[in-house]
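What follows is a single structure, written as structure tokens, with notes after it.
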Amino acid sequence: MESPRSLRHRLRLLALAILSLLYRSFPWRLVSLVALWDFVLHLAFLLRGLRPVTLDLGHACVHLWVPAKTARGRPRKPALVLVHGFGGNSRWQWESQIGPLSRSFDLYIPDLVFFGSSRSASRDRSLGYQASCIAEAMQRLGVARYSVVGISYGGFVAFRLAEGPAARAVERVAILTAGICLTPEQLRDFAAKEERDVCELLLPQNAEDLMNLLRRSKYRHPKWIPAFLLQDFVEVGNPTAASFIGISTPTK
């Protein structure tokens, strides 16, 4: 007998197949499903008691989600900063975690500079610069002490944040799926094993490249996603990430 998990997986594939057929039959393609889902995530963050703010640091504009004003007399919860991975943004990376975590913490969820809605004209692409922008943003918000969770590339940023500009402010650090202990030689060996430029792998420019990245980066990756949905994400999902290395993102 087929397991419930396998049945749910088959139903999801069937739903995607039907969605793909409907989308192909719609000649104008006026609706971006990725943009629509991004709007849904925006509403979800608002419903969880978060609000978006953009801080002008002079050298950069940092966009982040912060706690909405709490009721008078209500004690503040411990502050927790969530740092997303490479190519993502605050909403797409943490939508499944904000519900449980918001019950115990005041959440601060930034878009890293050059990703999401955070911008900078600086040519500095270092982890230290990312960490200093978060530290300065938290200082502007008046948050003196906080813990940090970083995933993947965000784990490297979290480590730099704790050891550098915010060493006295950071209480605890949790790093998820980030090889911060790898030596430069090991990182070069990993890059050498790729048959293409690592930048092209991390910043896909078409549906096929994005599917390849999903297969490489997810433990349980989807076996099939409609090409139009993948291309929609490439074009709409996070075009500013390409500015991290100066790639021009394709447009419709």
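The values are calculated or read from the model by the stated rules, or taken from the named source; none is laboratory data. Given the structure is predicted, the values throughout are model-derived calculations rather than measurements. Every residue, glycine as well, gets a Cβ built from its backbone with ideal geometry; the counts of neighbours run over all protein chains shown.
Data overview
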{"quantity": "Conditions (1) more than 23 Å from Glu163 (Cβ to Cβ); (2) in contact with a helix residue (DSSP H, G or I) (Cβ under 8 Å, 6 or more places away or on another chain); (3) part of a loop (DSSP other than H, G, I, E, B); (4) of a type outside the set (A, V, I, L, M, F, W, C); number of the one not met by Arg125", "calculated": "(1)"}
{"quantity": "Cβ-Cβ under 7 Å pairs, at least 6 apart or on other chains, segment 35-47 side more than 10 Å from Arg91 (Cα to Cα), far side surrounded by 13 or more Cβ atoms within 10 Å (Cβ to Cβ) and modelled with pLDDT under 90", "calculated": "Ala35/Val236"}
{"quantity": "Subset of segment 95-120 (residues that are over 17 Å from the mean Cα position of the chain (by Cα), touching a residue at least 12 places away in the same chain (Cβ under 8 Å) and over 11 Å from Ala60 (Cα atoms))", "calculated": "Ser102, Ser104, Phe105, Asp106"}
{"quantity": "Subset tally (residues that are in a helix (DSSP H, G or I) and under 19 Å from Gly154 (Cα atoms)) for segment 175-189", "calculated": "2"}
{"quantity": "Residue pairs meeting the criteria (Cβ under 9 Å; at least 6 apart or on separate chains; first within 18 Å of Ala191 (Cα to Cα), in segment 201-224; second of a type in the set (Asp, Glu) and in a helix (DSSP H, G or I))", "calculated": "Leu201/Asp209; Leu203/Asp209; Asp209/Glu200"}
{"quantity": "Test: Ala162 is farther than 23 Å from Phe45 by Cα, in contact with a strand residue (DSSP E or B) (Cβ under 6 Å, 6 or more places away or on another chain) and assigned to a helix (DSSP H, G or I)", "calculated": "yes"}
{"quantity": "Flag if Lys69 is in contact with a strand residue (DSSP E or B) (Cβ under 8 Å, 6 or more places away or on another chain) and farther than 23 Å from Leu203 by Cα", "calculated": "no"}
{"quantity": "Residue satisfying all of: in segment 171-189; among the aliphatic types (A, V, I, L, M) and out of contact with any strand residue (DSSP E or B) (no Cβ under 8 Å at 6 or more places or on another chain); nearest to Ala144 (Cα to Cα) among these", "calculated": "Ile180"}
{"quantity": "Filtered residues of segment 92-120 (kept if over 27 Å from Cys199 (Cβ atoms) and surrounded by fewer than 22 Cβ atoms within 10 Å (Cβ to Cβ))", "calculated": "Ser96, Gln97, Gly99, Pro100, Leu101, Ser102, Arg103, Ser104, Phe105, Asp106"}
{"quantity": "Selection within segment 85-120 - of a type in the set (A, V, I, L, M, F, W, C) and touching a strand residue (DSSP E or B) at 6+ places or on another chain (Cβ under 8 Å)", "calculated": "Trp94, Ile98, Leu101, Phe105, Leu107, Ile109, Leu112, Val113, Phe114"}
{"quantity": "Any hit, segment 103-114, residues being among the hydroxyl-bearing types (Ser, Thr, Tyr), part of a helix (DSSP H, G or I), closer than 28 Å to Leu47 by Cα and modelled with pLDDT under 95", "calculated": "no"}
{"quantity": "Residue list for segment 138-159, restricted to those being polar (S, T, N, Q) and either in contact (Cβ under 8 Å) with a residue 40 or more places away in the chain or part of a strand (DSSP E or B) (or both)", "calculated": "Ser147, Ser152"}
{"quantity": "Residues of segment 190-223 satisfying the condition of being exposed (fewer than 11 other Cβ atoms within 10 Å of the Cβ) and either in a loop (DSSP other than H, G, I, E, B) or of a type in the set (Val, Ile, Thr) (or both)", "calculated": "Lys193, Glu195, Arg196, Lys218, Tyr219, Arg220, Lys223"}
{"quantity": "Contacts under 8 angstrom Cβ, first residue in segment 121-134 being modelled with pLDDT of 90 or more and surrounded by fewer than 16 Cβ atoms within 10 Å (Cβ to Cβ), partner of a type in the set (Asp, Glu) and not in a loop (DSSP other than H, G, I, E, B), 6 or more apart", "calculated": "none"}
